[in-house]
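Q: Pasting in a structure now, in structure tokens, and then I'll have a few things to ask.
Read-outs: derived from the displayed coordinates by stated rules, not from any lab. Note that the structure is a prediction, hence the values are computed from the model and not measured. When we count neighbours, we look across all protein chains shown, and the Cβ atoms used for this are built from the backbone with ideal geometry, even at glycine.
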Amino acid sequence: MAKLKLGEVKDGKDKNRYCGPSVISAVTNLTTGEAARLIRMQTGAKKITGTHRSEVHGALRACNISVKPRHYPGLNRTTGPTLAGWLKMSKADRTSGRVFLIVAGWHWQLVSGRKYTCGRIREIVSIKDKRVKRRARVAEVYELTSDKVTKPDIDVSKPKPKDLGASDRAKSRRIAERIKATIEIERWGDYSDFWVYPPDGLFGDNEDLESDIGNGSDPYEGCHCQYNWQEVLEVLQTYEDMVLKRETHK
């Protein structure tokens, strides 16, 4: 990866809207969801909303980003300089390529030169953009540096959703193969229809079979279409029982 550079907040398919994961995303290749997952995995937190400095700093360091405090006169949550005031006093420091992480108004934000971003705005804007809350009091300032931003050692990729039908699917296919039944799948965008047919010759004229399992006709005649693997399995288990009963009458 490249050296540290201020970028836009990246959300992907697992967005976290809070400011901590957002600033992490803006200086790494992580999405906000991955950044939040990194914090959770480092700290054991169940969810990420507001973030403590140790949580944000720890996640940044896991990406090979150094976090160094920078001291400016009067930094304080209630009486410190406003963001506008800090921008004036730090003008000489904010040279090209330097990235500052700021806590102002209980909100994580990033400034590099005349560029600004945070979890509320979520794009790179000018420090004079109307959406920047320039009257917020600055409590903490850190400079972020890295010779090479990396991915964390922890796998923070979004887990694949559990396939709740995997067991039923596997059982269904084993039964279908064993008794020579047929499963046909018809896909319709995000959902599928499952057509389940009995083994050839299962329903015939065997009177002993008819007396044992009913009238000897297919109990699913006219309704071979099922809507999930659980229903498919139930049909196939019924057919399997019938096959076993037929074999005992031979």
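Q: Treat every Asp and Glu Cβ in the stretch 63-154 as -1 and every Lys and Arg Cβ as +1, leave all other atoms uncharged, and give the resulting dipole magnitude about the Cα centre to the nearest 20 debye.
A: For the stretch 63-154, the charge dipole is close to 500 debye.
Q: Relative to the compact-globule scaling 2.2 N^0.38 Å, provide the ratio for the alpha-carbon radius of gyration of the stretch 19-145.
A: 1.00
Q: Suppose R0 equals 25 Å. What FRET efficiency, 1/(1 + (r/R0)^6) with r the Cβ-Cβ distance, do Glu177 and Ser157 give to the nearest 0.05?
A: Result of the calculation: an efficiency of 0.15.
Q: Please work out the Cα center distance from the stretch 82-101 to the stretch 37-70, rounded to the nearest Å.
A: What the calculation gives is 23 Å, centre to centre.
Q: Go ahead and estimate [θ] at 222 nm for the chain from helices alone: -39,500 (n - 2.57) per DSSP H run with n ≥ 4, summed, over the residue count, rounded to 500.
A: The helix-only estimate for the chain comes to -9500 deg cm²/dmol at 222 nm.
Q: Step through the residues of the stretch 130-136 one at a time and calculate ³J(HN,Hα) from phi using the Karplus curve (6.51 cos²θ - 1.76 cosθ + 1.60, θ = phi - 60°), rounding each to whole Hz and writing x for Gly and Pro.
A: 5, 7, 6, 7, 6, 8, 5
Q: Can you find, among Leu202, Val27, Trp229, the residue sitting farthest towards the positive end of the charge dipole of the chain, where Lys and Arg contribute +1 and Asp and Glu -1 at Cβ?
A: Ranked along the dipole, the leading option is Val27.
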